[in-house]
Amino acid sequence: MFSIIQAAGWPIWPLIACSILALALVIERFISLKTAKVAPPRLLDEALAVSRTSVPTPDVVTQLEQNSALGEVLASGFRALNSDPRCTEVDLRATMENSGRAVAHRLERYLSALATIASAAPLLGLLGTVIGMIEIFGSQAPTGGGAPGGNPAQLAHGISVALYNTAFGLIIAIPSLIFWRYFRGRVDEYLLTLELSAERFVRHLNTLRGK
């Protein structure tokens, strides 16, 4: 493997850097986008149950906020009522929407970088191949008779080595694209869950304003 990397020349090093970065991003997203960290299935029902008659204490709200991304959105509604028990439904929605936008930004973090790697890796591989081909043909000095010199077997080997850059670029790009689409789908699903949960929670909080 090291001999292939060494033979492919310096253009392969940016590809290696992209592969390491893509792997780190995939691992980070797998950890950050766990259901327990974003939208635990029973959290909304628990928040509704604990606030059936009144807004919970600030300690409970803080615990809810630290639970998950969904908990952070729900806690923002509780905090709005704690600060102003007579706040309007419009203000409640605005507060929770602002919190939801911050959460959405965190959920989408690094996805653009992963998509960039998926798009740029084939181009970097092609660039490495072109540079390798230029160097190969440039090294074939003409003989005295005007015919190109050099060993044909050596030339064929050089071309195959140059193509390693393209192959390596595709090896990086294909998994990066697959994982980007997978994470994009998970984020969209989470955002829908957060939106529906927030809508239901706003209606519940609206009933608490008059108590």
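No lab work stands behind these numbers, since they all come straight from the coordinates. None of the values given here were measured: they were computed from a predicted structure. Here the Cβ is made from the backbone with ideal geometry for all residues, glycine too, and neighbour counts use every protein chain on show.
Worth pointing out:
- Binned Cα-Cα distance frequencies in the chain - 5 Å width, integer %: 1, 7, 13, 12, 10, 8, 7, 7, 6, 6, 5, 4, 4, 3, 2, 2, 1, 1, 0, 0, 0
- Farthest positive-ward along the chain dipole, Cα basis, beta-carbon charges - from L92, L155, S51: S51
- If R0 equals 45 Å, the separation of the Cβ atoms of K37 and W13 corresponds to a calculated FRET efficiency of about 0.80.
- Global geometry of the stretch 45-104, whether rounded, prolate or oblate, following the gyration tensor of its Cα atoms and the 1.5 cut on a/c: oblate
- Extension gain for Y182 to T207 (0.36 nm times residue separation, less C-alpha to C-alpha distance): 5.1 nm.
- The chain: angle of helix 111-138 to the longest principal axis, Cα-based, in degrees nearest 10: 10 degrees
- Potential lengthening between V90 and F30 on full extension [0.36 nm per residue; Cα-Cα distance subtracted]: 18.1 nm
- Shape of the stretch 29-71, Cα gyration tensor, a/c cut at 1.5: oblate
- Dipole magnitude (debye, nearest 20) for the stretch 34-147, charges at Cβ of Lys, Arg, Asp, Glu: 120 debye
- Nearest 10 degrees, 0 to 90: helix 69-83 Cα axis against the chain principal axis: 40 degrees
- Placing unit charges on the Cβ atoms only, positive for Lys and Arg and negative for Asp and Glu, gives the chain a dipole magnitude near 380 debye about its Cα centre.
- Charge dipole (the chain, unit charges on Cβ, about Cα centre) - positive-most of W13, A75, A118: A75
- Simple rule: put +1 on each Lys or Arg Cβ and -1 on each Asp or Glu Cβ in the chain, find the dipole, and look at Q66, A198, G132; the Cα lying farthest toward the positive end is A198.
- Among the chymotrypsin sites (Phe, Trp or Tyr not before Pro) in the stretch 22-113, none is located in a DSSP loop while being surrounded by at most 12 other Cβ atoms within 10 Å of its own Cβ.
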